1. Taking the 0 to 90 degree range and rounding to the nearest ten, how far is the long axis of helix 349-359 tilted relative to the main principal axis of the chain, both from C-alpha atoms?
2. Report, in degrees rounded to the nearest 10, the 0 to 90 angle that the Cα long axis of helix 108-120 makes with the longest principal axis of the chain.
3. Subtract the Cα-Cα distance of residue 451 and residue 431 from 0.36 nm times their separation in residues, and report this length gain in nm to one decimal.
4. By how many nm would the segment from residue 152 to residue 136 grow when fully extended, if each residue of separation counts as 0.36 nm and the alpha-carbon distance is taken off?
5. Roughly speaking, what is the centre-to-centre gap between region 19-61 and region 87-164 when only Cα atoms are used, to the nearest Å?
6. At residue 3 and residue 321, where each label point lies 7 Å from the Cα along Cα→Cβ, what is the point-to-point distance in nanometres?
7. Under 20 Å from a point placed 7 Å out from the Cα of residue 119 along the Cα-to-Cβ direction: which residues of region 135-168 have their backbone N that close?
8. If you line up the long axis of helix 277-290 against the longest principal axis of the chain, both from Cα atoms, how many degrees apart are they, to the nearest 10?
Ligand code: UDX
Ligand code: UDX
Ligand code: ADP
């Protein structure tokens, strides 16, 4: 019986996942640890609107479980010592140096965790990989734990997380499935069962599937690759729609009604972002190449190439539509987050579109309901394409949309926040420079209504002037 769980890494995955595990297992103590003190302080803050990540419903879950059986701490050693099960939920970004630079996952944070667990543990532990990892990482983890430890026994499980940001709490509360990979010998099976029983507190048994470790690790990469591929596929069709007179929303609806295809994840957009899709596909491509499977690698790499193309194409469309110059023109960005209902901006299309327009000397004005100015500046600075002073001069951040759009030459919608649909678009139009251009990178507005107001409206995958 597991009585104490520790989770290393209090980020977008570790925080919400552990909050829900604690909520549903009041008899298990769950301690989430992180080396980042500011993050832990924010998780512990009295004011629930100051949690380090924004997720609908997260505040209520934390309010109920925190202090009861959910704890946030920087004392990693203590949490490791006291727990029978340790989740590793640290970040695994794409490598920015050395072998596999720009492609492989950087496992240094995982390895540091493993070494720390090996050093501290004095009793047997079940170690659970929660971070997305390349196939066969558990082998490396096992080797570190078994060879550098204090002679205690470790069981390693893979339990990939499938939650999407913005819907993390509802995804966790009613998951499509829970996947647990583990060893098939007696000890492995016992470890798998221990984790199964934690999820069984709220997930129906038939939705909890167990596999070997490698299948579990590869399933996570495959799921993200398939999802991203759907977005790139519909985005590829969007350009064809624009030149042929088809409407990508109609095409998506028509194909989505085929039950073999399904209607979800077919929304054409300015391009996918987020911390997972690109990273996981690059990782998949790297693994395939490392086994010499070049056709497999090329096939999946095309999903990324298409996505980069889509982001660029959007920026280019703004430029060409505005008479090939945006120099000195105010371009209002609605949204910066990579999708609605999150404050996460990792790999957000907005960053790349802004960068391309800054190259053309645009004055970019941004409003996002959840992303702070410093984050936007950091995102652009991390591209290393220009100096901080140039970023600050080129990007101004607004907290109110009508001021944002005042005297703008164009509006670009980068994130599909619901509130954008509710604005007084007539008033926005009246205060803009004319012609007033509107580039809807998420197809959230009704183009006909916008044209009736007076906007020159451009959606994704919606053709203009073709009958
Ligand atoms: C297809 C479309 O399904 C149908 O909607 C369209 O009208 C005509 O083209 P069809 O070619 O008759 O129909 O058969 P389908 O069942 O789609 O199979 C096509 C090929 O894909 C077959 O060789 C089949 O064996 C193969 N296939 C299908 C797989 O290898 N794996 C699968 O999961 C599904
Ligand atoms: C994804 C997976 O969905 C999740 O299962 C996995 O655990 C982590 O990676 P996430 O990145 O949080 O989750 O969000 P997701 O909803 O998948 O969106 C990713 C990106 O694709 C966003 O930028 C979104 O705007 C874009 N997208 C999604 C589209 O452009 N069109 C769509 O139809 C769906
Ligand atoms: P994810 O989206 O995968 O949850 P995040 O970057 O949001 O990624 O969260 C990962 C967290 O892991 C960060 O808060 C980071 O400080 C933490 N972390 C990384 N390495 C360690 C470590 N060795 N010990 C404790 N925490 C760590």
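None of the figures in this text is laboratory data; all of them are computed from the coordinates on show. As the structure is a computational prediction, the values presented were derived from the model and not from experiment. Backbone-built Cβ (ideal geometry, glycine too); neighbour counts: all protein chains shown.
1. Tilt of helix 349-359: around 50 degrees.
2. Helix 108-120 and the main axis of the chain meet at about 20 degrees.
3. Extra length from residue 451 to residue 431 when fully extended: 5.6 nm.
4. Fully extending the segment from residue 152 to residue 136 adds 3.6 nm.
5. Spelled out, the Cα-based centre of one part sits 23 Å from the other.
6. Between residue 3 and residue 321, the simple spin-label model gives 6.3 nm.
7. In region 135-168, the label zone of residue 119 (backbone N under 20 Å from the point 7 Å along Cα→Cβ) covers 140-154.
8. 60 degrees
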